[in-house]
Amino acid sequence: MQRIEIQKIHKNPSDYTEGQIVVCGWVRTLRSSKAVAFAQINDGSGFVGLQVVLEVGALPDFASLCKLGVGTAVEVHGTLRLTPDASQAFELLAARVVVQGACDGAYPLQKKRHSPEFLRTIGHLRPRTNTIGAALRVRSAAAYAIHSFFMEQGFVYANTPIITTADAEGAGKMFRVTTLDIENPPHTRDGALDEHADFFEKPAYLTVSGQLQGEAMAMAFGKIYTFGPTFRAEKSYTARHAAEFWMVEPEIAFADLQDDMRLAESMIKYVIDRVLAQCSDEIAFFNQFVDNGLLNRLTHVANADFAHVSYTRAIELLTPHNDQFEYKVSWGIDLQTEHERMLTEMLFGAPVFVTDYPKEIKAFYMRQNDDGKTVAAMDLLVPGIGEIIGGSQREERLDLLADRIRAMGQHPEQYDWYLDLRRYGGCPHAGFGLGFERLIMYLTGVANIRDVIAFPRTTGSAAY
Ligand code: 4AD
Ligand code: MG
């Protein structure tokens with residue numbers, strides 16, 4: 001007999017009430033008395049599991065089944081009974097239970113609440129828990145929604161390199177990729193490290209962003225997006241920074257900063273709609289146990305316009321609150337999380353685009369505004385997290401771009417191919433990067449980035 005996934009039964013229980021069915025899954029809980037036992041089993045096909053009823057008269061091995069440990073993998077043959085008056089809509093009356101894999105009492109996920117810190121020490125087991133399981137399922141649905149959003153609008157999905165020789169952000173926070181013997185590296189005659197002896201015959205790194213190659217693709221396809229892993233070697237111990245994270249980076253030709261923000265806003269709303277529809281059980285769970293305001297906030301955000309404020313105005317709005325900040329604000333500083341959260345949570349109470357930042361605190365590729373001081377940049381800040389998107393209109397003017405590269409202490413020759421994009425049919429264009437994990441935090445209310453990644457990599461930690 002073919003097994004039926006529990007999620008399928010939830011969709012149409014009455015389809016499965018004729019004759020016997022087979023369900024496989026793992027025991028989440030088991031309560032037993034003399035004559036009857038109730039097991040909750042879950043097969044991972046959905047958030048909600050299935051109640052299995054074990055009766056002494058129906059099962060010769062009833063006594064031993066009552067001793068099954070939490071976590072046991074079972075195959076249950078039985079008949080489905082609709083129970084419209086009970087708390088669950090149906091249950092499975094077991095006629096035969098086959099133990100596929102036992103699970104003894106040492107199993108760390110016994111039925112009780114476990115702290116997120118403890119669960120992080122058992123990363124290989126924690127996807128089986130409600131919270132991590134739901135977060136990872138939302139992650140999967142959100143990834144699908146992102147692809148649908150861009151595909152429906154005719155974007156080309158571009159895969160940009162993971163190993164790169166270009167520093168996309170010009171910030172130097174890159175992991176070096178090398179096959180050189182670090183204990184005994186080769187040297188040139190003048191005693192310097194012999195980079196030429198390395199695998200790529202020059203220094204190579206894990207990418208911090210696919211943007212620069214994405215721009216090259218946009219100059220061919222008009223609108224593209226990337227969706228892939230990115231890496232940052234920044235030592236940070238915050239709840240929103242990971243060393244390995246996924247970024248979604250659209251890039252659009254013949255477009256300015258306004259077009260860029262419109263795209264970002266419609267993408268976020270689309271993803272929220274899709275996740276609310278596809279993951280209603282997961283979102284209801286997060287709303288009840290993790291973040292009581294979640295459902296309200298998401299429905300509200302999906303239907304309201306995002307706010308807009310210039311960096312200069314944001315500084316004016318924040319300055320009166322300087323006594324509450326660890327880092328005081330003044331024009332020219334980079335906004336810290338505490339400032340971002342004050343803006344989006346207290347001053348606007350909604351997602352807000354902050355635009356036109358001072359050029360000194362932003363990357364070299366951003367387009368200079370006419371005031372000579374600011375660039376056409378935008379960050380999208382959301383309550384609870386701060387920045388989830390960073391983007392800009394790109395500098396399409398060759399001479400100004402080369403100047404910026406020089407001003408940041410870099411050499412235009414290193415970016416020669418990137419400058420070619422301005423030499424050969426350059427045009428106004430814009431794009432942004434969405435931190436995918438930050439989006440999942442926003443969609444679930446989960447407060448730590450380590451809990452929306454199955455196997456997180458952060459400063460000082462790369463288990464598995
Ligand atoms: O603001 P960032 O650095 O922008 C870029 O990399 C641009 N090249 C994007 C573009 O215009 N195509 O990063 C974009 C987003 C941030 O807003 C944040 O959400 C996320 O990536 N991010 C991180 N997420 C987790 N851990 C980190 N260490 C992150 N650093 C950035
Ligand atoms: Mg940024």
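Taking the range 350-464 as the region of interest, the helices (runs of 4 or more DSSP H) fully inside it that hold 2 or more residues being within 16 Å of ligand 2 (Cβ to nearest atom) and touching a residue at least 24 places away in the same chain (Cβ under 8 Å) are 436-444. Of the residues contained in the range 108-118, one or more are found to be out of contact with any Pro (no Cβ under 9 Å at 6 or more places or on another chain) and either part of a helix (DSSP H, G or I) or more than 23 Å from residue 29 (Cβ to Cβ) (or both). Each residue in the range 57-105 was checked for being closer than 18 Å to residue 16 by Cβ, open to solvent by 20 Å² or more (accessible area, probe 1.4 Å), small (Gly, Ala, Ser) and over 38 Å from the mean Cα position of the chain (by Cα), and 1 of them qualify. Restricting attention to the range 177-216, the residues that are under 26 Å from residue 360 (Cα atoms) and of a type in the set (D, E, K, R) add up to 1. Residues considered: 346, 342, 366. Of these, the only one that is away from ligand 1 (no atom under 12 Å from the Cβ), buried (at least 21 other Cβ atoms within 10 Å of the Cβ) and among the hydrophobic types (A, V, I, L, M, F, W, C) is 342. Condition check: surrounded by fewer than 16 Cβ atoms within 10 Å (Cβ to Cβ) and over 24 Å from residue 231 (Cβ atoms). Does residue 288 satisfy that? Here the answer is yes, as residue 288 does meet what is asked.
Every residue, every condition in (1) within 15 Å of ligand 1 (Cβ to nearest atom); (2) acidic (Asp, Glu), yes or no:
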{"residue": "377", "(1), (2)": "yes, no"}
{"residue": "381", "(1), (2)": "yes, no"}
{"residue": "396", "(1), (2)": "yes, yes"}
{"residue": "400", "(1), (2)": "no, no"}
{"residue": "408", "(1), (2)": "yes, no"}
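The listed residues are 236, 266, and the only one of them that is within 30 Å of residue 415 (Cβ to Cβ) and small (Gly, Ala, Ser) turns out to be 236. Within the range 428-440, if we keep just the residues that are open to solvent by 10 Å² or more (accessible area, probe 1.4 Å) and of a type outside the set (Gly, Ala, Ser), the residue that is farthest from ligand 1 (Cβ to nearest atom) turns out to be 428.
I'd like to check something: does the range 357-370 contain any residue that is among the aromatic types (Phe, Trp, Tyr) and either closer than 30 Å to residue 129 by Cβ or within 19 Å of the chain's Cα centre (by Cα) (or both)? No, the range 357-370 has no match at all. Of the strands (runs of 3 or more DSSP E) that lie entirely inside the range 197-283, those containing 2 or more residues that are within 16 Å of ligand 2 (Cβ to nearest atom) and in contact with a helix residue (DSSP H, G or I) (Cβ under 8 Å, 6 or more places away or on another chain) span 244-253. Evaluating residue 419 against the criteria (1) open to solvent by less than 10 Å² (accessible area, probe 1.4 Å); (2) over 32 Å from the mean Cα position of the chain (by Cα) leaves one unmet condition, (2).
The values are calculated or read from the model by the stated rules, or taken from the named source; none is laboratory data. Keep in mind the model is a prediction, meaning the values are calculated, not measured. Note that we place each Cβ from the backbone using ideal geometry, even for glycine, and neighbour counts take in every protein chain shown. Surface areas here come from the heavy atoms of the whole protein model, side chains and all, with no ligands, DNA or RNA. Shrake-Rupley method; radii C 1.70, N 1.55, O 1.52, S 1.80 Å.
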